[in-house]
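Okay, structure first, notes after.
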Amino acid sequence: NSAESFGKQVNHEIIGIDPGAGIMKATNKAIEEYGLSDWKLIEGSGAAMTATLAKDIKNKKPIIITGWTPHWMFSKYDLKYLDDPKKVYGEAEEIHTIARKGLKEDEPTAYAFLDRFEWTSDEMGEIMTAIEEGAKPEEAAKKWADEHADRVNEWIKDLKPVDGKSLKLSYVAWDSEIASTNLLQYVLQDKFGYKVTALQVEAGPMWTGVANGDVDATAAAWLPLTHADYMDKFKDKVDDLGANMTGVKTGLVVPSYVDVSSIEDLKK
Ligand code: PBE
(Lines give C-alpha, C1' and ligand atoms only; values in the text may rest on other atoms or scores of the structure.)
Protein backbone atom coordinates (compact mmCIF):
# COMPACT_ATOMS: atom_id res chain seq x y z
CA ASN A 1 0.00 0.00 0.00
CA SER A 2 0.97 3.62 -0.25
CA ALA A 3 1.96 3.93 3.42
CA GLU A 4 4.41 1.09 3.04
CA SER A 5 5.90 2.72 0.00
CA PHE A 6 6.05 6.01 1.93
CA GLY A 7 8.32 4.46 4.59
CA LYS A 8 10.52 2.96 1.90
CA GLN A 9 10.55 6.15 -0.14
CA VAL A 10 11.91 8.13 2.79
CA ASN A 11 14.25 5.35 3.87
CA HIS A 12 12.33 5.16 7.16
CA GLU A 13 13.99 8.40 8.20
CA ILE A 14 12.27 11.17 10.15
CA ILE A 15 14.18 14.42 9.71
CA GLY A 16 14.66 15.80 13.22
CA ILE A 17 16.40 18.81 14.73
CA ASP A 18 18.89 19.37 17.58
CA PRO A 19 19.07 16.47 20.05
CA GLY A 20 18.21 18.63 23.08
CA ALA A 21 14.83 19.67 21.66
CA GLY A 22 11.79 18.26 23.43
CA ILE A 23 10.30 17.29 20.10
CA MET A 24 13.16 14.80 19.62
CA LYS A 25 12.35 13.12 22.90
CA ALA A 26 8.66 13.03 22.00
CA THR A 27 9.50 11.53 18.61
CA ASN A 28 11.59 8.76 20.16
CA LYS A 29 8.61 8.05 22.40
CA ALA A 30 6.30 8.03 19.37
CA ILE A 31 8.60 5.51 17.64
CA GLU A 32 8.24 3.28 20.70
CA GLU A 33 4.57 3.75 21.42
CA TYR A 34 3.42 3.36 17.83
CA GLY A 35 5.73 0.40 17.25
CA LEU A 36 7.80 2.08 14.54
CA SER A 37 10.95 0.06 15.21
CA ASP A 38 12.12 0.21 11.58
CA TRP A 39 12.10 4.05 11.67
CA LYS A 40 15.08 6.24 12.53
CA LEU A 41 15.05 9.78 13.87
CA ILE A 42 17.81 11.82 12.24
CA GLU A 43 19.48 14.50 14.38
CA GLY A 44 20.41 17.86 12.90
CA SER A 45 19.23 21.38 13.51
CA GLY A 46 16.21 23.53 12.78
CA ALA A 47 18.05 25.14 9.88
CA ALA A 48 19.16 21.79 8.40
CA MET A 49 15.61 20.47 8.71
CA THR A 50 14.05 23.41 6.87
CA ALA A 51 16.77 23.21 4.19
CA THR A 52 15.97 19.52 3.58
CA LEU A 53 12.26 20.28 3.58
CA ALA A 54 12.70 23.06 1.01
CA LYS A 55 14.76 20.83 -1.26
CA ASP A 56 12.35 17.89 -1.11
CA ILE A 57 9.27 20.04 -1.61
CA LYS A 58 10.89 21.65 -4.63
CA ASN A 59 11.33 18.18 -6.10
CA LYS A 60 7.93 16.98 -4.85
CA LYS A 61 9.69 14.23 -2.96
CA PRO A 62 8.17 12.57 0.10
CA ILE A 63 9.60 13.67 3.45
CA ILE A 64 8.61 13.56 7.11
CA ILE A 65 9.95 16.01 9.68
CA THR A 66 9.57 16.99 13.31
CA GLY A 67 7.55 20.21 13.09
CA TRP A 68 5.99 22.81 15.31
CA THR A 69 3.66 25.78 15.23
CA PRO A 70 4.20 28.71 15.14
CA HIS A 71 6.61 28.29 12.25
CA TRP A 72 6.90 30.09 8.91
CA MET A 73 7.06 26.75 7.06
CA PHE A 74 3.28 26.40 7.45
CA SER A 75 2.64 29.63 5.56
CA LYS A 76 5.29 28.98 2.95
CA TYR A 77 4.38 25.35 2.18
CA ASP A 78 1.26 23.22 2.16
CA LEU A 79 1.94 20.96 5.14
CA LYS A 80 -0.06 18.78 7.50
CA TYR A 81 0.43 17.31 10.96
CA LEU A 82 -0.02 13.57 11.22
CA ASP A 83 -2.79 12.61 13.65
CA ASP A 84 -1.46 11.50 17.01
CA PRO A 85 -4.24 9.41 18.59
CA LYS A 86 -1.98 8.40 21.50
CA LYS A 87 -1.27 12.09 22.26
CA VAL A 88 2.46 11.47 22.46
CA TYR A 89 3.00 15.12 21.45
CA GLY A 90 0.61 16.33 24.16
CA GLU A 91 -2.25 18.74 24.03
CA ALA A 92 -2.75 22.43 24.81
CA GLU A 93 0.96 23.23 24.73
CA GLU A 94 2.21 26.72 25.69
CA ILE A 95 5.44 28.69 25.54
CA HIS A 96 6.47 29.99 28.96
CA THR A 97 8.90 32.63 30.09
CA ILE A 98 11.08 31.48 32.96
CA ALA A 99 13.39 33.65 35.03
CA ARG A 100 16.19 33.01 37.46
CA LYS A 101 15.45 33.18 41.17
CA GLY A 102 16.12 36.68 42.41
CA LEU A 103 15.47 38.50 39.13
CA LYS A 104 12.28 39.93 40.58
CA GLU A 105 14.20 41.68 43.38
CA ASP A 106 17.32 42.52 41.35
CA GLU A 107 15.68 43.79 38.17
CA PRO A 108 12.03 44.61 38.85
CA THR A 109 11.62 46.43 35.54
CA ALA A 110 12.83 43.52 33.41
CA TYR A 111 10.90 41.07 35.56
CA ALA A 112 7.63 42.98 35.31
CA PHE A 113 7.98 43.34 31.55
CA LEU A 114 8.85 39.66 31.05
CA ASP A 115 5.96 38.70 33.30
CA ARG A 116 3.52 40.75 31.20
CA PHE A 117 4.88 39.73 27.81
CA GLU A 118 2.34 37.62 25.96
CA TRP A 119 1.59 37.59 22.25
CA THR A 120 -0.03 35.50 19.53
CA SER A 121 1.30 33.05 17.00
CA ASP A 122 0.18 35.40 14.21
CA GLU A 123 2.25 38.19 15.72
CA MET A 124 5.29 35.96 16.06
CA GLY A 125 4.64 34.75 12.51
CA GLU A 126 5.11 38.27 11.16
CA ILE A 127 8.65 38.43 12.54
CA MET A 128 9.46 34.85 11.51
CA THR A 129 8.34 35.42 7.95
CA ALA A 130 10.31 38.66 7.66
CA ILE A 131 13.45 36.80 8.80
CA GLU A 132 12.75 33.91 6.42
CA GLU A 133 12.42 36.45 3.61
CA GLY A 134 15.90 37.77 4.37
CA ALA A 135 15.63 40.41 7.11
CA LYS A 136 18.20 40.30 9.90
CA PRO A 137 16.51 39.01 13.08
CA GLU A 138 17.25 42.19 15.06
CA GLU A 139 15.91 44.34 12.23
CA ALA A 140 12.76 42.27 11.82
CA ALA A 141 12.13 42.53 15.58
CA LYS A 142 12.70 46.29 15.63
CA LYS A 143 10.41 46.80 12.65
CA TRP A 144 7.68 44.74 14.27
CA ALA A 145 7.98 46.62 17.57
CA ASP A 146 7.94 49.99 15.82
CA GLU A 147 4.86 49.04 13.80
CA HIS A 148 3.05 47.62 16.83
CA ALA A 149 3.73 50.33 19.37
CA ASP A 150 0.28 49.77 20.88
CA ARG A 151 1.18 46.17 21.76
CA VAL A 152 4.63 47.07 23.05
CA ASN A 153 3.13 49.88 25.16
CA GLU A 154 0.81 47.43 26.90
CA TRP A 155 3.87 45.45 28.00
CA ILE A 156 6.03 48.37 29.12
CA LYS A 157 3.38 50.71 30.55
CA ASP A 158 4.43 52.53 33.74
CA LEU A 159 7.72 50.63 34.01
CA LYS A 160 10.79 52.75 34.71
CA PRO A 161 13.87 52.68 32.48
CA VAL A 162 17.15 51.50 33.96
CA ASP A 163 20.56 52.88 33.17
CA GLY A 164 22.63 50.51 31.07
CA LYS A 165 22.34 47.50 33.35
CA SER A 166 23.22 44.11 31.90
CA LEU A 167 20.77 41.33 31.23
CA LYS A 168 21.24 37.86 29.76
CA LEU A 169 18.65 35.87 27.85
CA SER A 170 19.16 32.32 26.60
CA TYR A 171 17.50 30.68 23.61
CA VAL A 172 17.97 27.93 21.05
CA ALA A 173 18.20 28.62 17.32
CA TRP A 174 14.64 27.47 16.65
CA ASP A 175 12.96 29.89 14.25
CA SER A 176 10.16 30.62 16.74
CA GLU A 177 12.62 31.44 19.52
CA ILE A 178 14.87 33.53 17.26
CA ALA A 179 11.81 35.74 16.67
CA SER A 180 10.70 36.03 20.33
CA THR A 181 14.16 36.52 21.78
CA ASN A 182 15.10 39.22 19.29
CA LEU A 183 11.89 41.05 20.11
CA LEU A 184 12.55 40.86 23.87
CA GLN A 185 16.13 41.99 23.36
CA TYR A 186 15.01 45.00 21.32
CA VAL A 187 12.32 46.07 23.80
CA LEU A 188 14.57 45.62 26.84
CA GLN A 189 17.30 47.67 25.17
CA ASP A 190 15.29 50.32 23.39
CA LYS A 191 12.54 50.94 25.94
CA PHE A 192 14.41 50.44 29.22
CA GLY A 193 18.09 50.90 28.42
CA TYR A 194 19.28 47.42 29.37
CA LYS A 195 22.41 46.02 27.75
CA VAL A 196 21.11 42.64 26.64
CA THR A 197 23.14 39.59 25.66
CA ALA A 198 21.11 36.89 23.95
CA LEU A 199 23.02 33.63 24.32
CA GLN A 200 22.30 31.11 21.59
CA VAL A 201 22.83 27.68 23.14
CA GLU A 202 21.44 24.13 23.17
CA ALA A 203 18.22 23.39 25.06
CA GLY A 204 19.98 21.85 28.08
CA PRO A 205 22.27 24.85 28.73
CA MET A 206 19.36 27.19 28.03
CA TRP A 207 17.55 25.76 31.06
CA THR A 208 20.65 25.18 33.19
CA GLY A 209 21.75 28.79 32.73
CA VAL A 210 18.49 30.11 34.18
CA ALA A 211 18.47 27.48 36.95
CA ASN A 212 21.99 28.28 38.15
CA GLY A 213 21.52 32.03 37.81
CA ASP A 214 24.04 32.65 35.00
CA VAL A 215 21.18 33.68 32.73
CA ASP A 216 18.37 36.03 33.75
CA ALA A 217 15.55 34.55 31.68
CA THR A 218 14.43 32.62 28.64
CA ALA A 219 11.20 32.94 26.68
CA ALA A 220 11.61 29.51 25.12
CA ALA A 221 10.22 27.02 27.67
CA TRP A 222 7.66 24.81 25.93
CA LEU A 223 5.28 23.36 28.54
CA PRO A 224 3.71 21.32 29.97
CA LEU A 225 5.04 18.51 27.76
CA THR A 226 7.84 19.47 25.38
CA HIS A 227 10.29 20.56 28.09
CA ALA A 228 8.77 18.50 30.92
CA ASP A 229 12.11 16.84 31.68
CA TYR A 230 13.85 20.17 32.09
CA MET A 231 11.00 21.59 34.15
CA ASP A 232 10.92 18.54 36.45
CA LYS A 233 14.61 18.87 37.04
CA PHE A 234 14.70 22.63 37.61
CA LYS A 235 11.26 23.59 38.90
CA ASP A 236 12.56 24.61 42.34
CA LYS A 237 15.37 26.65 40.83
CA VAL A 238 13.47 28.85 38.35
CA ASP A 239 10.53 31.25 38.42
CA ASP A 240 7.83 30.29 35.93
CA LEU A 241 6.30 33.57 34.70
CA GLY A 242 3.56 31.74 32.82
CA ALA A 243 2.65 31.54 29.17
CA ASN A 244 3.92 34.08 26.67
CA MET A 245 1.95 32.20 24.00
CA THR A 246 -0.82 29.61 24.12
CA GLY A 247 -2.12 27.20 21.50
CA VAL A 248 1.27 26.07 20.22
CA LYS A 249 1.86 22.59 18.88
CA THR A 250 4.49 20.01 17.97
CA GLY A 251 4.29 16.81 15.96
CA LEU A 252 5.25 14.90 12.87
CA VAL A 253 4.68 16.89 9.70
CA VAL A 254 4.55 15.98 6.00
CA PRO A 255 3.81 17.91 2.82
CA SER A 256 0.11 17.60 2.02
CA TYR A 257 0.92 15.67 -1.20
CA VAL A 258 2.11 12.79 1.00
CA ASP A 259 -0.63 10.17 1.31
CA VAL A 260 -0.33 9.48 5.05
CA SER A 261 -2.59 11.02 7.66
CA SER A 262 -1.80 9.42 11.02
CA ILE A 263 1.33 8.35 12.86
CA GLU A 264 -0.32 4.93 13.00
CA ASP A 265 -0.09 4.74 9.20
CA LEU A 266 3.71 4.75 9.44
CA LYS A 267 3.60 1.25 10.88
CA LYS A 268 2.02 -0.42 7.89
N1 PBE B 1 10.59 23.16 19.33
C2 PBE B 1 10.47 24.61 19.10
C3 PBE B 1 11.30 23.09 20.61
C4 PBE B 1 10.66 24.11 21.42
C5 PBE B 1 10.48 25.21 20.41
C6 PBE B 1 9.28 22.61 19.35
C7 PBE B 1 11.41 22.64 18.25
C8 PBE B 1 11.50 21.73 21.26
O9 PBE B 1 12.08 21.65 22.34
O10 PBE B 1 11.12 20.74 20.67
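Odds and ends about this structure:
- 3J(HN,Hα) along region 105-111: 6, 6, 9, x, 5, 4, 4 Hz, from the Karplus curve 6.51 cos²θ - 1.76 cosθ + 1.60 with θ = phi - 60°, whole Hz, x for Gly and Pro.
- Percent carbon-and-sulfur accessible area, the chain, ignoring ligands, DNA and RNA, probe 1.4 Å: 47 percent
- Sequence-ordered 3J(HN,Hα) estimates for region 71-88 from the Karplus curve with 6.51, -1.76 and 1.60 and θ = phi - 60° stand at 7, 4, 4, 6, 8, 7, 10, 8, 10, 9, 7, 6, 4, 10, x, 8, 6, 5 Hz, glycine and proline given as x.
- Taken per residue, the accessible surface of the chain reaches 45 Å², heavy atoms only and a 1.4 Å probe.
- Applying the Karplus relation 6.51 cos²θ - 1.76 cosθ + 1.60 with θ = phi - 60° to region 193-208 yields 3J(HN,Hα) values of x, 6, 9, 10, 9, 10, 8, 8, 9, 7, 4, x, x, 4, 6, 4 Hz, where x marks Gly and Pro.
- Projected onto their three principal axes, the Cα atoms of region 195-237 cover extents of 32, 18, 14 Å, largest first.
- For region 46-86 and region 202-259, distance of Cα centres in Å: 21 Å
- Nonlocal amide H pairs with L241, under 5 Å, H built at 1.01 Å: T97, I98, A99
- In region 93-153, taking the dipole from charged Cβ atoms about the Cα centre, the farthest positive-side position among A145, I98, P108 is held by P108.
- Dipole in debye (nearest 20) - the chain, about Cα centre, beta carbon charges: Lys, Arg +1; Asp, Glu -1: 440 debye
- Within the shell defined by Cβ-Cβ distances under 11 Å, the residues around W72 carry a net charge of -3, with Lys and Arg each +1 and Asp and Glu each -1.
- Computed from the C-alpha gyration tensor, the three semi-axes of the ellipsoid equivalent to region 5-84 are 19, 16, 12 Å, from longest to shortest.
- When the alpha carbon gyration tensor of region 175-222 is reduced to an equivalent ellipsoid, the three semi-axes, largest first, read 19, 13, 8 Å.
- What the Cα atoms of region 216-268 give is an Rg and a Dmax of 16.2, 48 Å.
- Length gained when the stretch E154-K267 is fully extended (0.36 nm per residue, less Cα-Cα span): 35.8 nm
- For region 1-51, alpha-carbon Rg relative to the globular expectation (2.2 N^0.38 Å, N residues): 1.18
- Near A173, once Lys and Arg are set to +1 and Asp and Glu to -1 for all other residues with Cβ below 11 Å from its Cβ, the sum equals -4.
- Reported value for the chain: 111 Å³ per residue, from the convex hull of its C-alpha atoms.
The values are calculated or read from the model by the stated rules, or taken from the named source; none is laboratory data. These numbers come from a predicted model, not from an experiment. Glycine gets a Cβ as well: all are built from the backbone with ideal geometry, and neighbour counts include every protein chain shown. Areas reflect the complete protein model, heavy atoms only, side chains present, ligands, DNA and RNA absent. Shrake-Rupley method; radii C 1.70, N 1.55, O 1.52, S 1.80 Å.
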